[in-house]
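Have a look at the structure below before the remarks.
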Amino acid sequence: MSKRILYFVYGVAAYALFFGTYLYAIGFIGNLFVPVSIDGAPQSPLWQALLINAGLLGIFAVQHSVMARPAFKRWWTQFVPKPIERSTYVLFSSVLLIALFAFWQPIGGVIWNITDPAGQIVLWGVFALGWLVVLVSTFLINHFDLFGLRQVWLYLIGKPYTRLPFKTPLFYNYVRHPLYVGWLLAFWATPTMTLTHLVFAIATTAYILIAIHFEERDLAAEHPEYAGYCERVPMLVPQPGRGATATGAVQ
């Protein structure tokens, strides 16, 4: 098998693992249709469960953020071929998420429990909206570039990789990080908020806020237009009177 075909198969396999992980994450966080979900009967002492969960989230956060930084990519691509660098990042992220699903420790406790049918419908609707916003946001940028398929496809057909231009389509006209807005909606919208789920939501929200700082620094360094974009468009919460009118790229 030629190197071009091998890299392409590797990229497709990494993407398939990601997409399966994404679907499982919906069930995991929503306690829907999966054998192991975020909630359940406590199996370990509280301190031990908190320590394990913090470790799982921390390892994922470090990998997910550090491997995305340009300086790390420059070092990493001395060992990993550039056409599969993004696919390898996606693969590592997916494996660590699978580990989180497998070893997550429920700790019980109920913070709120909405029993009103109308309230449940609203919260499940927001939950579903969050996952939809996440998925649509990736396509607004370039879904296949974001998850490494474009890179291995271009290498397969012998064309050089070109970076995406700066643009602010649809959601990106109203907030700079709609992908993260979607995650926040998905993580916080639930009719039954357990202590376990609350710990997860708080930790992931903290990570998102930290990740935005590093991502925006990288974007500003790469795209001169980004500073002006930040002045026009709010970070996470849409605001009347603020929005992007110029076409310009968002990662």
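The values are calculated or read from the model by the stated rules, or taken from the named source; none is laboratory data. This is a predicted model, so every value here is computed, not measured. Here the Cβ is made from the backbone with ideal geometry for all residues, glycine too, and neighbour counts use every protein chain on show.
Residue count for segment 66-99 under the criterion of being farther than 19 Å from TYR7 by Cα, in a helix (DSSP H, G or I) and in contact with a Phe, Trp or Tyr (Cβ under 6 Å, 6 or more places away or on another chain): the result is 2. Checking the stated criteria, GLY119 turns out to be in a helix (DSSP H, G or I), surrounded by fewer than 17 Cβ atoms within 10 Å (Cβ to Cβ) and of a type in the set (Gly, Ala, Ser). Restricting segment 67-94 to residues that are surrounded by fewer than 19 Cβ atoms within 10 Å (Cβ to Cβ) and within 14 Å of the chain's Cα centre (by Cα) leaves a set whose member that is farthest from PHE214 (Cα to Cα) is PHE92. Remark: pairs (first residue in segment 78-94, at positive phi; second residue modelled with pLDDT of 95 or more and surrounded by 17 or more Cβ atoms within 10 Å (Cβ to Cβ); Cβ separation under 7 Å; 6+ apart in sequence or on different chains) are absent. Filtered by the rule that a residue be in contact with a Leu (Cβ under 8 Å, 6 or more places away or on another chain) and farther than 21 Å from ALA71 by Cα, segment 185-241 gives LEU185, ALA189, THR190, PRO191, VAL199, PHE200, ALA203, THR204, THR205, LEU236.
For segment 169-215, filtering for residues that are under 21 Å from LEU123 (Cα atoms) and touching a Phe, Trp or Tyr at 6+ places or on another chain (Cβ under 6 Å) leaves 6.
Kindly establish whether GLY11 is exposed (fewer than 13 other Cβ atoms within 10 Å of the Cβ) and either under 29 Å from ASP218 (Cβ atoms) or in contact with a helix residue (DSSP H, G or I) (Cβ under 6 Å, 6 or more places away or on another chain) (or both).
Against the criterion (exposed (fewer than 13 other Cβ atoms within 10 Å of the Cβ) and either under 29 Å from ASP218 (Cβ atoms) or in contact with a helix residue (DSSP H, G or I) (Cβ under 6 Å, 6 or more places away or on another chain) (or both)), GLY11 does not qualify.
Quickly run through segment 143-153 and pick out the residues that are surrounded by 16 or more Cβ atoms within 10 Å (Cβ to Cβ) and of a type outside the set (Phe, Trp, Tyr). If the condition is that a residue be surrounded by 16 or more Cβ atoms within 10 Å (Cβ to Cβ) and of a type outside the set (Phe, Trp, Tyr), then ASP145, LEU146, GLY148, LEU149, ARG150, GLN151, VAL152 are the ones that fit. Residues in segment 169-208 that are β-branched (Val, Ile, Thr) and part of a strand (DSSP E or B) were compared, and the one that is surrounded by the most Cβ atoms within 10 Å (Cβ to Cβ) is THR194. Out of ILE114, ILE84, ILE107, one residue alone is in contact with a Leu (Cβ under 8 Å, 6 or more places away or on another chain), over 18 Å from ILE26 (Cβ atoms) and at pLDDT 95 or above. It is ILE114. Any residue in segment 32-42 that is loosely packed, with under 13 Cβ neighbours inside 10 Å, more than 16 Å from the chain's Cα centre (by Cα) and more than 14 Å from PHE101 (Cβ to Cβ)? Checked against the condition, which is being loosely packed, with under 13 Cβ neighbours inside 10 Å, more than 16 Å from the chain's Cα centre (by Cα) and more than 14 Å from PHE101 (Cβ to Cβ), segment 32-42 yields at least one hit.
The set of residues in segment 127-149 that are more than 17 Å from TYR174 (Cβ to Cβ), part of a helix (DSSP H, G or I) and over 13 Å from the mean Cα position of the chain (by Cα) comprises PHE127, ALA128, PHE144, ASP145, LEU149.
Residues considered: PHE60, PHE79. Of these, the only one that is in contact with a Ser or Thr (Cβ under 9 Å, 6 or more places away or on another chain), closer than 30 Å to LEU149 by Cα and either modelled with pLDDT under 95 or of a type in the set (Phe, Trp, Tyr) (or both) is PHE60.
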